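Participant: Just passing along the structure, written as structure tokens.
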Amino acid sequence: MSAHDPACPLCTEDGGTLLWRGQHLRVIEAAEPDYPGFTRVVWNGHIPEMTSLSNHGRELMMRAVWAVEQAQRDILQPHKINLASLGNMVPHLHWHVIARWREDRHFPAPVWAAPRAADAADAAAWQARHQAVSALLPRYRDRVVEAMNALLWH
């Protein structure tokens, strides 16, 4: 498998707002306005599956995913965190780390499902939650960078 595919969007672009980049992987904040803190951990080389990595690479990737999940739990305090590695649309290894709240438009279904019909009270509750979480994003981003930098030393 080649290290770079010029037709792959994750080979030619960061894939979102870059929070941290290392030799093997990067952490980006996705442009998903309905899901504040939606983060992806992206392997830098163009490979499709976890089993394409060495054991060390697999461990590094999962430790990065867990570090992002922990930062979401500590700072954003979601009701649930979804982890997904799909690659159906972009066959370049990446993990989605998605903070979820009971008030969000899709809960309890996946964020890619059709949104549920929300009444006015649900919409107002989500608006309030969204504003509160969005205010925490600078702290969250800082925590992700700190966690990723610490990961290099362990």
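Participant: Take the range 30-66 and flag every residue that is in a helix (DSSP H, G or I), more than 24 Å from Trp112 (Cβ to Cβ) and open to solvent by less than 20 Å² (accessible area, probe 1.4 Å).
Facilitator: The answer is Gly57, and nothing else.
Participant: Restricted to the range 99-144, and to residues that are of a type in the set (Val, Ile, Thr) and in contact with a helix residue (DSSP H, G or I) (Cβ under 9 Å, 6 or more places away or on another chain), which residue is farthest from His79 (Cα to Cα)? Outline the logic, then answer.
Facilitator: Of all residues in the range 99-144, those of a type in the set (Val, Ile, Thr) come to 111, 133, 144.
The next check asks that each one be in contact with a helix residue (DSSP H, G or I) (Cβ under 9 Å, 6 or more places away or on another chain); those that pass are 133, 144.
Working: Val133: 12, Val144: 19 Å.
The residue in question is Val144.
Participant: Name the single residue, out of those in the range 101-154 being aromatic (Phe, Trp, Tyr) and either open to solvent by less than 60 Å² (accessible area, probe 1.4 Å) or touching a residue at least 40 places away in the same chain (Cβ under 8 Å) (or both), that is nearest to Met61 (Cα to Cα).
Facilitator: Step one: list which residues in the range 101-154 are aromatic (Phe, Trp, Tyr), which gives 101, 107, 112, 126, 140, 153.
Next, from what is left, pick out any that are either open to solvent by less than 60 Å² (accessible area, probe 1.4 Å) or touching a residue at least 40 places away in the same chain (Cβ under 8 Å) (or both): 101, 107, 126, 140.
Working: Trp101: 25, Phe107: 27, Trp126: 32, Tyr140: 19 Å.
Going through the qualifying residues, I end up with Tyr140.
Participant: Looking at the range 67-79 only, could you name the residues that are assigned to a helix (DSSP H, G or I) and either open to solvent by 70 Å² or more (accessible area, probe 1.4 Å) or touching a residue at least 40 places away in the same chain (Cβ under 8 Å) (or both)?
Facilitator: Ala67, Val68, Gln70, Ala71, Gln72, Arg73, Asp74, Ile75, Leu76
Participant: Being under 23 Å from Asn44 (Cα atoms) and either among the acidic types (Asp, Glu) or part of a strand (DSSP E or B) (or both) is the filter here; which residues of the range 91-121 pass it?
Facilitator: The first filter runs over the range 91-121 and keeps only residues under 23 Å from Asn44 (Cα atoms), leaving 91-98.
Within the range 91-121, His94, Trp95, His96, Val97, Ile98 meet the criteria.
Participant: Which of the residues spanning the range 1-29 are surrounded by 12 or more Cβ atoms within 10 Å (Cβ to Cβ), modelled with pLDDT under 90 and within 18 Å of the chain's Cα centre (by Cα)?
Facilitator: Across the range 1-29, the qualifying residues are Pro9, Leu10, Cys11, Asp14, Gly15.
Participant: Next question, about the same structure. For the condition in a loop (DSSP other than H, G, I, E, B) and not small (Gly, Ala, Ser), what is the one hit in Asn88, Asn82? I'd like the intermediate steps shown before the answer.
Facilitator: On the way: Asn82 fails: in a loop (DSSP other than H, G, I, E, B).
After ruling out the rest, the residue left standing is Asn88.
Participant: Here's a follow-up. Which pairs have Cβ atoms under 8 Å, sit 6 or more apart or on different chains, and link a residue in the range 12-25 that is within 17 Å of Phe38 (Cβ to Cβ) to one that is crowded, with 16+ Cβ neighbours inside 10 Å and of a type in the set (Ser, Thr, Tyr)?
Facilitator: Leu19/Thr39
The values are calculated or read from the model by the stated rules, or taken from the named source; none is laboratory data. Just so it is clear, the model here is predicted, and its values are computed rather than measured. Here Cβ is always computed from backbone atoms with ideal geometry, including for glycine, and neighbour counts include all displayed protein chains. Calculation scope for accessible area: heavy atoms of the full protein, side chains included, ligands and nucleic acids excluded. Shrake-Rupley method; radii C 1.70, N 1.55, O 1.52, S 1.80 Å.
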